[in-house]
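Structure record follows, encoded as structure tokens.
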Amino acid sequence: MELREFEGGHTALVAGWATSAEEVGLGPVFVRALLGQALDSGHSDVFLRVRPDNLPAIRMYERVGFLRVTDELAAEWNKAQPIAYTWMQYPTGDD
């Protein structure tokens, strides 16, 4: 796990886990715990990106409550990326 700081005051937590953790259902537990910490820390926007071919991860994020961003926003963010990621946002109600 790694915390990365980006221009504009954005912080990202880069994390991954083994397939065995996914198989026993730890992914949603892990994501909800991190999401709770982000929201409790005052972050009003929570986004993530995932490889578009990682369908199990996309489904898991959707079950947690993440929604895909608009195609236009994803296209803008993917301009600087090596692949066209699937971008998702957790709806906080602050929009």
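In region 71-90, how many are exposed (fewer than 11 other Cβ atoms within 10 Å of the Cβ) and either among the aromatic types (Phe, Trp, Tyr) or outside any helix (DSSP H, G or I) (or both)? Break it down stepwise before answering.
So in region 71-90, the residues exposed (fewer than 11 other Cβ atoms within 10 Å of the Cβ) come out as 71-72, 79-80, 82-83.
Remaining after also requiring either among the aromatic types (Phe, Trp, Tyr) or outside any helix (DSSP H, G or I) (or both): 79-80, 82-83.
Result for region 71-90: 4.
Determine whether LEU48 is touching a helix residue (DSSP H, G or I) at 6+ places or on another chain (Cβ under 7 Å) and modelled with pLDDT of 80 or more.
Working: touching a helix residue (DSSP H, G or I) at 6+ places or on another chain (Cβ under 7 Å): yes; modelled with pLDDT of 80 or more: yes.
The answer is yes for LEU48.
Give the residue that is surrounded by the fewest Cβ atoms within 10 Å (Cβ to Cβ), with candidates limited to residues of region 28-70 that are among the aromatic types (Phe, Trp, Tyr) and touching a strand residue (DSSP E or B) at 6+ places or on another chain (Cβ under 7 Å). Break it down into steps so the answer makes sense when it comes.
Initial filter on region 28-70 (among the aromatic types (Phe, Trp, Tyr)): 30, 47, 61, 66.
Checking the rest, the ones that are also touching a strand residue (DSSP E or B) at 6+ places or on another chain (Cβ under 7 Å) come to 47, 61, 66.
Numbers: PHE47: 15, TYR61: 22, PHE66: 22.
Taking the candidates together, the pick is PHE47.
Can you list residue pairs whose Cβ atoms sit under 8 Å apart, with the first residue in region 69-94 being under 23 Å from LEU35 (Cα atoms) and modelled with pLDDT under 95 and the second being in a loop (DSSP other than H, G, I, E, B) and polar (S, T, N, Q)? Count only pairs 6 or more apart in sequence or on different chains.
Filtered contacts from region 69-94: THR92/SER44; ASP94/SER44.
How about region 71-88: which of its residues are over 20 Å from LEU55 (Cβ atoms) and not hydrophobic (A, V, I, L, M, F, W, C)?
Correct list: GLU72, GLU76, LYS79.
The values are calculated or read from the model by the stated rules, or taken from the named source; none is laboratory data. What you are looking at is a predicted structure, and each value in this text was computed from that prediction instead of being measured. When we count neighbours, we look across all protein chains shown, and the Cβ atoms used for this are built from the backbone with ideal geometry, even at glycine.
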